[in-house]
Amino acid sequence: MTTGRLQSWRERQLLATTAGEPDQASFTFTEIVCLKAGQRLDELGIPTPKIQSLLEVLHDRISEIDERLRDRTVSVFEDRIVITRKTHFVSTAGRALVRFDLDELIERMTACVAKELPALTADEWFEEGKRQSQGGGSARLALAAFRETLRLDSTRTDAYLEMGRIHYREGQLLDAERSLRLALRRDPYRRDTLYVLGRVMEGENRLEEAMSFYERALDADPSFGNAQYRLGQVYAKNAEWEHALKHWRNYLTLTPNSAHADFVKRQIEDAEQELALAPQ
């Protein structure tokens, strides 16, 4: 497991570690088994709240192993676990070999416990979708979580919007447009929906429609700098430099400390040169 993933698991409260040096963490044997089981459950797409509950049950059921291992040293070699008495020299007589079938363990644990857990709410499925849609998550699992959100609550405009964002990032423009228009039907004035639809229209080279959506996003929120910038980009594609300059300058006025400010300033300089060279 990478350090980044371990940190993510701590933030999701799926992992507890024994206190140590700032750059180190130590685990009991039970915690290592739970870590492997949790990793497998996560890969299967089990939502975070259920993983938390399942790991709590697993930890309680096998925690007595730690007591039995208190006077032993445990070494892990792929799927083999070698247990050696601390008071003995390493020898064949001082070892015990243990095998854990994690797949069977997880299957039995999930079957026994999952049906006892309360069903997730629409809000919990939505939060799972948001988690999966962030860095390191799975777009497929995020979409599945948002669909479950909508199954439980068909009025969740935000779930349609998030699905549209994912489809757009994945280059699935038709699916993105479909999800975003469903969001727009339920909330026609939400600036983020209008903005992402503008991006989709740009991706399909439907520039007039893109401009319309960006303008509607600005009607909903005149301080929306990103919509100003994208309007400038669309006008620049049409070589309409005066309009492009107007929106890029508006963007800099609204977000003077943006990380893209220097880039936009260079675009403005280039556009001013194009305008100066254009026939009068």
### Query
Only one residue in Leu14, Leu58 is outside the structural domain of Ser138 (by TED's automatic domain parsing), modelled with pLDDT under 70, surrounded by 12 or more Cβ atoms within 10 Å (Cβ to Cβ) and closer than 29 Å to Ala119 by Cβ, so which one is that?
Leu14
### Query
Within segment 162-175, restricting attention to residues that are assigned to a helix (DSSP H, G or I) and more than 17 Å from the chain's Cα centre (by Cα), which residue is nearest to Glu204 (Cα to Cα)?
Leu173
#### Entry: Qualifying residue in segment 172-180 (condition: at pLDDT 95 or above and touching a Phe, Trp or Tyr at 6+ places or on another chain (Cβ under 6 Å))
yes
### Message
Let me confirm something: among Asp71, Asp66, which residue is more than 29 Å from the chain's Cα centre (by Cα), within 19 Å of Cys34 (Cβ to Cβ) and either at pLDDT 65 or above or not assigned by TED's automatic domain parsing to the domain that holds Tyr160 (or both)?
### Response
Asp66
### Query
Just a yes or no: is a residue in segment 74-96 of a type in the set (Asp, Glu), within 24 Å of Ile46 (Cβ to Cβ) and modelled with pLDDT of 85 or more?
no
### Task
Can you tell me which residue within segment 256-278, out of those that are surrounded by fewer than 12 Cβ atoms within 10 Å (Cβ to Cβ) and of a type in the set (Gly, Ala, Ser), is nearest to Arg230 (Cα to Cα)?
Ala259
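Yes or no, residue by residue, for (1) outside any helix (DSSP H, G or I); (2) at negative phi; (3) among the polar types (S, T, N, Q):
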position: Asp123; (1), (2), (3): no, yes, no
position: Leu143; (1), (2), (3): no, yes, no
position: Glu148; (1), (2), (3): no, yes, no
position: Tyr160; (1), (2), (3): no, yes, no
position: Leu182; (1), (2), (3): no, yes, no
position: Met201; (1), (2), (3): no, yes, no
position: Ser212; (1), (2), (3): no, yes, yes
position: Glu215; (1), (2), (3): no, yes, no
position: Ser223; (1), (2), (3): yes, yes, yes
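Among the candidates Thr253, Thr193, single out the residue that is assigned to a helix (DSSP H, G or I), of a type in the set (Val, Ile, Thr) and either crowded, with 19+ Cβ neighbours inside 10 Å or not assigned by TED's automatic domain parsing to the domain that holds Ile166 (or both).
From the options Thr253, Thr193, the qualifying one is Thr193.
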### Query
When you scan segment 112-136, how many residues do you find that are surrounded by 15 or more Cβ atoms within 10 Å (Cβ to Cβ) and modelled with pLDDT under 75?
1
### Task
Enumerate the pairs (first residue in segment 226-249 and within 17 Å of Leu277 (Cβ to Cβ); second residue anywhere and modelled with pLDDT under 95 and not in a helix (DSSP H, G or I)) with beta-carbon separation below 8 Å, excluding pairs fewer than 6 apart on the same chain, so at least 6 apart or on different chains.
Trp241/Ala278
### Qualifying position, being modelled with pLDDT of 70 or more, over 26 Å from Ala159 (Cβ atoms), assigned by TED's automatic domain parsing to the domain that holds Glu11 and surrounded by 12 or more Cβ atoms within 10 Å (Cβ to Cβ), among Gln52, Gln39
Gln39
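The values are calculated or read from the model by the stated rules, or taken from the named source; none is laboratory data. Fair warning: this is a prediction, and the values are worked out from it, not measured in the lab. Please note: Cβ atoms are built from the backbone with ideal geometry, for glycine as well, and neighbour counts cover all protein chains shown.
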